[in-house]
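Worksheet: the structure to be examined is printed underneath.
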There are 2 protein chains.
Amino acid sequence: MLWIMTASSALKTDRYELTMLEAALRDGTAARPSVFELFSRRLSGGRRFGVVAGTGRLLSLLRDFRFGDDELRYLRDEKVVDAPTLRHLEAYRFAGSIRGYREGELYFPGSPILTVEGTFADAVILETLALSVLNHDSAVATAASRMSIAAGERPLAEMGSRRAAEDSAVAAARAAFIAGFGATSNLEAGRTWGIPTMGTAAHSWTLLHDSEEDAFRAQIAALGTDTTLLVDTYDIRQGVETAIRVAGTGLGGVRIDSGDLPIVAGAVRQQLDELGATGTRITVTSDLDEYAIASLAASPVDAYGVGTSVVTGSGYPTASMVYKLVARQGSDGGWVAVAKASQDKASKGGRKAAFRIVSDGVAQSETVVVSDGFEDLDSPAAHPDGRALQVSFVDGGEIDTAFEGPAGTLAAREHHLRVREELPVRALALSKSDPAIPTVYLDAD
Amino acid sequence: MLWIMTASSALKTDRYELTMLEAALRDGTAARPSVFELFSRRLSGGRRFGVVAGTGRLLSLLRDFRFGDDELRYLRDEKVVDAPTLRHLEAYRFAGSIRGYREGELYFPGSPILTVEGTFADAVILETLALSVLNHDSAVATAASRMSIAAGERPLAEMGSRRAAEDSAVAAARAAFIAGFGATSNLEAGRTWGIPTMGTAAHSWTLLHDSEEDAFRAQIAALGTDTTLLVDTYDIRQGVETAIRVAGTGLGGVRIDSGDLPIVAGAVRQQLDELGATGTRITVTSDLDEYAIASLAASPVDAYGVGTSVVTGSGYPTASMVYKLVARQGSDGGWVAVAKASQDKASKGGRKAAFRIVSDGVAQSETVVVSDGFEDLDSPAAHPDGRALQVSFVDGGEIDTAFEGPAGTLAAREHHLRVREELPVRALALSKSDPAIPTVYLDAD
């Protein structure tokens with residue numbers, strides 16, 4: 001049996017975008033060339049850097065941003081917009097251009113993470129979709145990168161699907177992988193994004209059997225002695241003893257999902273060594289976050305599994321990115337930089353380009369070149385001596401496929417691990433602080 | 001153009017569930033009749049009650065929990081499970097039964113929110129999907145209900161899609177609606193779940209135009225004077241003045257999205273009244289949560305729009321529900337109540353039924369009747385004098401359609417608003433506290 005559905009992403013949109021479109025079609029401003037920018041005014045939670053994630057997913061969703069019969073029927077039946085707007089939406093294909101930070105790139109306050117250029121009509125209706133994807137995925141990636149730094153060389157797996165809605169669980173697994181995690185428990189993330197998957201058994205496996213010994217014997221019969229046995233269903237010391245008695249000293253690993261981990265891990269290591277199981281690995285999985293991982297650095301732990309904290313951004317489940325009109329043509333045909341002046345929510349108008357200034361391999365600043373109008377940001381005068389941070393994702397409506405799918409995801413991970421090396425040492429601390437490098441604005445002219 | 005995809009939900013599953021299935025098929029325990037329970041040991045964040053949400057979505061996802069060619073190919077290619085397990089999965093249809101709390105119902109620590117009965121093979125592989133949906137949706141609904149209580153009779157709209165991943169945004173809109181919100185900005189939530197949608201214009205609408213006055217004139221020309229004008233792009237006092245000059249005193253409303261709201265709302269109300277626009281409504285939308293809403297109770301605000309805080313569960317983006325084996329048949333054919341004893345994570349074994357004891361219209365306790373084995377919980381002796389909290393959702397694999405779709409969503413909302421009336425007054429306070437009513441366990445025999 002096959003389920004068939006249209007996968008249009010077009011209604012994952014706030015109603016006001018279509019309301020504005022209707023009004024703009026009516027007064028002619030819909031055709032005004034416009035520049036929207038996706039950026040964040042601050043780093044959530046006193047983080048020292050942010051990690052961009054979601055771009056590859058966004059590009060695939062943009063491909064499916066089409067108003068088909070089902071979408072148009074809903075909008076007509078509910079009188080969301082008028083007939084001319086429905087005709088416009090029926091023909092809608094994003095025909096503009098999008099450039100921005102590569103997925104996996106670091107970002108700082110004011111970084112122009114995405115720049116969307118097109119008519120107002122083209123660009124205004126992408127606001128919600130772009131923010132939904134980037135805010136969620138970047139929040140997870142930012143937390144995940146801190147955990148990955150804290151874990152150092154020890155393997156780190158994401159296993160938080162049960163603490164995230166069923167589709168964001170897949171996106172979260174992907175974001176964590178980009179930020180340095182090595183594997184996920186989520187099979188859909190494995191299928192869709194090519195991420196390695198892991199997992200052996202839950203407490204229910206032990207409880208299903210008449211004894212813990214029965215459960216361990218059955219698991220080893222099915223999965224071999226290299227498997228990982230969960231030893232804390234009843235009593236950890238007894239569990240470890242049973243595990244080695246059943247599996248022998250060649251047991252692959254034990255997993256501990258409860259208790260005071262630094263103490264328990266030390267005791268289990270000692271017990272395993274005394275039993276001769278010196279090569280048996282210890283995986284811990286109980287309520288870990290970046291602080292708990294850091295506190296286990298000196299403990300004899302071989303691998304970490306992280307759930308709730310990574311998929312919920314470790315206290316900051318969304319980034320604070322916004323999508324703002326920063327420049328447009330006026331009625332006289334000239335370009336105008338625009339920005340709102342609202343209290344605490346002011347933004348910086350103008351088209352922008354961004355550069356990471358790196359000296360002796362260490363990032364010094366996020367330099368953002370601002371054009372008041374639409375002067376050519378590609379001119380040499382507008383180029384400081386740094387790494388250009390924006391690349392082209394969509395050109396005249398054509399989406400660059402290099403950033404999508406498993407290949408784009410893996411490339412994002414490699415990019416992240418590479419640019420993370422440029423961070424100054426102070427950026428690696430976990431405590432709340434200012435951004436690791438300052439954002440510097442330069443005028444293009 | 002039509003996009004076609006299989007909508008199987010079967011891989012939104014942690015790998016270890018299939019690993020356990022493989023091992024259980026091998027040692028014969030896969031066929032053991034088993035009872036799994038979904039419950040929470042505590043209420044997140046010192047909340048005084050929890051709100052169950054997601055059940056209707058879960059039932060629809062269960063309908064699509066099928067291992068088709070694509071899913072089986074992935075599992076085979078990646079060697080996730082062996083050939084006999086693949087054959088088992090190919091034929092898999094959940095053939096067991098699920099009962100539990102109605103969507104919109106309140107829950108407390110230990111409430112048996114869902115009870116899944118079937119063979120171990122039937123029930124073990126639903127763990128991740130059930131927890132993903134219920135943990136996310138219930139976290140949002142619990143926060144939303146507190147906001148709805150704080151808002152009282154004033155209209156309350158959800159507009160947080162941009163701060164949630166694109167699919168959980170739709171689920172969050174639904175959960176907020178169930179918990180008392182009246183509308184959402186999210187069009188997909190409108191289409192899929194029949195929720196009223198709202199929204200008029202963003203700051204980009206004002207910035208698109210050569211002046212704020214141009215923008216207001218164009219919006220009124222398109223949408224009529226009953227529309228809501230966003231007045232804080234530049235200067236609120238000037239914005240209100242322009243709004244009434246352009247629209248007249250019959251303007252529907254103004255929206256304020258920044259500033260110190262109690263002060264600003266008071267000033268805007270006074271200005272509107274002085275201008276003669278005594279019927280023009282004030283909507284506020286800036287970083288609201290349940291505490292901010294409560295603090296605005298005495299301010300002249302007519303409606304609230306809530307974004308980030310509702311879709312992220314107002315500090316608690318996931319509920320702490322778990323899915324545990326609580327009873328199973330043993331090798332001798334007798335029933336055994338089972339529970340893990342892990343430190344801080346102990347659970348209570350046994351099949352359960354639950355009742356809300358209500359006296360003079362006020363809830364007194366959550367009474368959970370526990371059967372050590374599989375005694376009939378339907379016997380009169382096991383029934384305290386209260387409202388039975390569990391209903392049948394799935395019987396022998398047949399899903400009751402009454403709980404799905406827009407009709408099920410609306411019924412859940414009505415149920416929530418009805419049962420919320422039974423809460424004692426102390427449950428309505430926002431500060432951290434113990435659960436509003438105690439959970440009382442009774443033995444069935």
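The values are calculated or read from the model by the stated rules, or taken from the named source; none is laboratory data. In this text the structure is predicted, and so the values were computed from the model without any measurement. Virtual Cβ from ideal backbone geometry, glycine too; neighbours counted across all protein chains shown. Accessible surface areas use protein heavy atoms only, side chains included; no ligands, DNA or RNA. Shrake-Rupley method; radii C 1.70, N 1.55, O 1.52, S 1.80 Å.
Every other copy gets compared here: list the nm distances from the A:Asp445 label point (7 Å along Cα to Cβ) to its counterparts, shortest first, one decimal.
8.8
Among B:Thr401, B:Thr283, B:Thr55, which one shows the biggest mean-square fluctuation in a GNM of chain B, springs joining Cα atoms closer than 10 Å?
Between B:Thr401, B:Thr283, B:Thr55, it is B:Thr401 that shows the largest mean-square fluctuation.
What is the extension gain from B:Ala221 to B:Ala341, computed as 0.36 nm multiplied by their sequence separation minus the C-alpha to C-alpha distance, in nm to one decimal?
36.5 nm
With θ set to phi - 60°, apply the Karplus curve 6.51 cos²θ - 1.76 cosθ + 1.60 along region A:102-118 and write out the HN-Hα couplings as whole Hz, x wherever there is a Gly or Pro.
4, 5, x, 5, 7, 9, 9, x, x, 4, x, 5, 9, 10, 10, 10, x
Quick one: with label points 7 Å out along Cα→Cβ, list the inter-copy distances for A:Glu421 in nm, shortest first?
Taking the point 7 Å beyond Cα along Cα→Cβ, the inter-copy spacings are 6.7 nm.
Sorted from largest down, what three extents in whole angstroms do the Cα atoms of region A:152-314 have along their principal axes?
The Cα atoms of region A:152-314 stretch 41, 33, 23 Å along the principal axes, largest first.
Can you give the FRET efficiency to the nearest 0.05 for B:Leu72 and B:Asp395, using r as the Cβ-Cβ distance and R₀ = 25 Å?
About 0.35, to the nearest 0.05.
Can you list the copy-to-copy distances for A:Asp400, using a point 7 angstrom from Cα toward Cβ, in nanometres, shortest first?
Its label point is 5.4 nm from the equivalent points in the other copies.
Counting DSSP beta bridges in region B:227-345, what percent are antiparallel, to the nearest 5?
25 percent
Once you have a ≥ b ≥ c as the square roots of the Cα gyration tensor eigenvalues for region B:232-368, tell me rounded if a/c is under 1.5, and otherwise prolate or oblate according to whether a/b is larger than b/c.
prolate
Taking the Cα centre of region A:152-314 as origin, work out the dipole magnitude from +1 charges on Lys and Arg Cβ and -1 charges on Asp and Glu Cβ, in debye rounded to 20.
So the magnitude is around 340 debye.
In Å², nearest 100, what accessible area do chains A and B bury in total when the solvent probe is 1.4 Å?
Buried surface at the A/B interface: approximately 8800 Å².
Please give the Cα centre distance for region B:412-431 versus region B:155-186, rounded to the nearest Å.
Going from one Cα centre to the other spans 20 Å.
Given the C-alpha centroids of region A:34-60 and region B:346-366, what is the distance between them in whole angstrom?
Value for the Cα centre distance between the two parts: 45 Å.
Please give the contour-minus-distance gain from A:Asp443 to A:Ala7: 0.36 nm per residue of separation, less the Cα-Cα distance, rounded to one decimal in nm.
Taking A:Asp443 through A:Ala7 to full extension adds about 152.7 nm, to one decimal.
Which of B:Pro262, B:Pro84, B:Pro435 ends up with the largest GNM mean-square fluctuation for chain B, with Cα atoms connected below 10 Å?
Comparing B:Pro262, B:Pro84, B:Pro435 in a Gaussian network model of chain B, the most mobile one is B:Pro84.
Taking amide H positions as placed in the peptide plane 1.01 Å from N, state which residues far from B:Gln364 in sequence (5 or more) or on other chains have amide H under 5 Å from it.
Amide H to amide H, under 5 Å and 5 or more residues apart or across chains, B:Gln364 pairs with B:Ile357, B:Val358, B:Ser359.
If the elastic network links every pair of Cα atoms under 10 Å, which of A:Asp235, A:Asp273, A:Asp287 fluctuates the most in the Gaussian network model of chain A?
Looking only at A:Asp235, A:Asp273, A:Asp287, the biggest GNM fluctuation is shown by A:Asp235.
What does a probe at B:Arg237 reach in region B:204-231, counting residues whose amide N is under 20 Å from the point 7 Å along Cα→Cβ?
In region B:204-231, the label zone of B:Arg237 (backbone N under 20 Å from the point 7 Å along Cα→Cβ) covers B:212-213, B:230-231.
Helix A:405-420: angle to the longest alpha-carbon principal axis of chain A, degrees 0 to 90, nearest 10?
Once rounded, the angle reads 80 degrees.
So what is the accessible area of region A:152-314 per residue, in Å², with the probe set to 1.4 Å?
Normalised by residue count, the accessible surface of region A:152-314 is 31 Å².
Pop a pseudo-label 7 angstrom from the Cα along the beta-carbon direction at both B:Leu410 and A:Thr249 and give the gap in nm to one decimal.
7.1 nm
Compute the acute angle (0 to 90°) between the alpha-carbon long axis of helix B:236-247 and the principal axis of greatest extent of the alpha-carbon atoms of chain B; round to the nearest 10°.
80 degrees
Per-residue Cβ counts within 10 Å, from other chains only, averaged over A:19-28: what number is that?
Partner-chain Cβ atoms within 10 Å, mean over residues of A:19-28: 6.
I need the phi-derived Karplus couplings for region B:325-333: 6.51 cos²θ - 1.76 cosθ + 1.60, θ = phi - 60°, integer Hz, Gly and Pro marked x.
With the stated coefficients, region B:325-333 comes to 5, 10, 7, 7, 7, x, 5, 8, x Hz.
Rounded to the nearest 5, what % of the DSSP beta bridges within region A:152-314 are antiparallel ones?
0 percent
Hey, how many Å between the Cα centroid of region A:99-149 and the Cα centroid of region B:319-333?
Each part's Cα centre sits 43 Å from the other's.
B:Ser211 versus A:Asp372, label points 7 Å from Cα toward the beta carbon: distance in nm?
About 2.2 nm separates the two model spin labels.
Given the DSSP H assignment, sum -39500 (n - 2.57) over each helix run of at least 4 residues in chain B and divide by its residue total; what's the result at 222 nm in deg cm²/dmol, nearest 500?
After summing the helix terms and dividing by residue count, I get -10500 deg cm²/dmol.
How many nm is it between the label spots at A:Asp302 and A:Ala91, if each spot is 7 Å from the Cα in line with the beta carbon?
Calculated label separation equals 6.4 nm.
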